[in-house]
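The values are calculated or read from the model by the stated rules, or taken from the named source; none is laboratory data. Because the structure is a prediction, the values reported are computed rather than measured. Every residue, glycine as well, gets a Cβ built from its backbone with ideal geometry; the counts of neighbours run over all protein chains shown.
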6 protein chains.
Amino acid sequence: MKLSARNQLPGKVKALNVGVVTAEVVVELDGGGELVAVITKKSVENLGLAVGKKVYAVVKSTEVMVAVD
Amino acid sequence: MKLSARNQLPGKVKALNVGVVTAEVVVELDGGGELVAVITKKSVENLGLAVGKKVYAVVKSTEVMVAVD
Amino acid sequence: MKLSARNQLPGKVKALNVGVVTAEVVVELDGGGELVAVITKKSVENLGLAVGKKVYAVVKSTEVMVAVD
Amino acid sequence: MKLSARNQLPGKVKALNVGVVTAEVVVELDGGGELVAVITKKSVENLGLAVGKKVYAVVKSTEVMVAVD
Amino acid sequence: MKLSARNQLPGKVKALNVGVVTAEVVVELDGGGELVAVITKKSVENLGLAVGKKVYAVVKSTEVMVAVD
Amino acid sequence: MKLSARNQLPGKVKALNVGVVTAEVVVELDGGGELVAVITKKSVENLGLAVGKKVYAVVKSTEVMVAVD
C-alpha cells in the first residue's frame, strides 16, 4: 500500500505501554532520536508490535507543526 | 514554553512552498531524513521561516501512526 | 506496508480540486457514500491520483468523532 | 448544529470498549464496512452510546489520507 | 446533531481568508480571545460563513495540547 | 519556544483524569469557558500538571472545525 502521508520514518520499537483502549509506542528512529505514537491497543495486536521490531513512524503532514527558539 | 507534544525533532528548513492559506515546510532533520509540515501561511510569517533556518518539527503523539512491512 | 490506522475504506476518486499546497480528493466509497480528504498537492502527484482511480480512504481512529441526532 | 466537517457517515454502534479516559467505538456503516472511533469515555456517556444506537461517524477532511495498492 | 467533540466555543467570524482548497476562519470568542480554524473552502460555502456570523469553534479533545511557561 | 500552532489560550487546570496511557485535562480558560485536552500520562508528569496550575490550551488551526446553529 502506498500512502499519501508524506512522513514515514524508519526505526524500531524501543518501548510499549499498553492500556485498555490505547497504547504508547516509542519508536527509536534509524536516524537517531525518537518518535512517540499513541495508537489503539488493537493496532498493537494487529501489527504484532514488540520491542525491537522494525517499524515506520508515519505522520500526515497537516499534523506536523514547526517551532523556533 | 514547554509543550505536551512529545515529538520535537531538531532540524532546519530545506524548502518552503507557500499558498494562499497554507504552506508546506520541508524540515531536514539533524538526525537525517525529512519531515514535511503543512502550517498556515500566517505561521510562516510569524515564525520568520526561510530556507536554512533552525527549527523543530513538532507532532502530538496521538497523530503518529505505526506501520510495518 | 501494513498500517496502524484502523480505517481503510475502498473506493475510487470521484473528484479532484488541486490548489497551490493542498488538494481536495472526493472518494466515492465502494459501500456507497463519500469521504472527502485534504492531502498535499505533492501527494496527489506521488500517488498518480486521477478521477476513476481505485483508492482507499484512510483515517486514524483518534481522528474519528461520533454524533447522534 | 451544522458542522464544517465534510464526512458524516450514518451507521450504528457495533461495539464499545471503554477505558479510564478514552473509549473505542466501532461503527457499522449503513453503506457497509466499519469505522473505528476513539473518543473520550465522557463523550460516550454524554451521547448515551450503546450497541445498536444510530450514530454518525464524523471526520474532518484534513484528517483523511488516501492510499493506493 | 450532538457531537462527541467536547470543545464547542461560541463566537462570531472576525475574518475569512479563502484559498483554492482551504480557508482560514478567525473566530472571535464570546469569552474573549480568538481561535483560528482551517477548513475547506467548500465548508465555508456550505455553512454560509461571513464576517459577523454567529458560529462555534469545535475541537476534538485529542487534538488539544497543553503548555506551561 | 515559539510554535506555529496559532491557538494558544491561557487558563488553569480545573480537573485531571489520568489513565494508563492517556490523561484528560480540563482547562478553565481565563476568558471563560473550558477546553478539554487528551494528552499522554507521561506529558502530565513532564509538565507537572496539577489542579490550579497556569497553562495554555494549544491547538493547531487545521484541527479546528466551525459549526453553525
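Observations on the structure shown:
- Contacts under 6 angstrom Cβ, first residue in the range E:46-69 being under 21 Å from B:Glu63 (Cα atoms) and at pLDDT 95 or above, partner polar (S, T, N, Q) and not in a strand (DSSP E or B), 6 or more apart: E:Thr62/B:Thr62; E:Thr62/C:Thr62; E:Met65/B:Ser4; E:Val66/B:Ser4
- Residue under evaluation A:Val18, criteria (1) farther than 23 Å from B:Leu9 by Cα; (2) touching a Pro at 6+ places or on another chain (Cβ under 7 Å); (3) not polar (S, T, N, Q), criterion not met: (2)
- When restricted to residues that are in a loop (DSSP other than H, G, I, E, B), more than 7 Å from every other protein chain (Cβ to nearest Cβ) and closer than 26 Å to A:Val13 by Cα, the range B:29-69 contains 1.
- D:Leu3 within 8 Å of another protein chain (Cβ to nearest Cβ), surrounded by 15 or more Cβ atoms within 10 Å (Cβ to Cβ) and over 11 Å from the mean Cα position of the chain (by Cα): yes
- The set of residues in the range D:32-46 being surrounded by 15 or more Cβ atoms within 10 Å (Cβ to Cβ) and small (Gly, Ala, Ser) consists of D:Gly33, D:Ala37, D:Ser43.
- Of residues in the range D:13-27 being more than 7 Å from chain A (Cβ to nearest Cβ) and closer than 16 Å to D:Val59 by Cβ, the one surrounded by the most Cβ atoms within 10 Å (Cβ to Cβ): D:Val25
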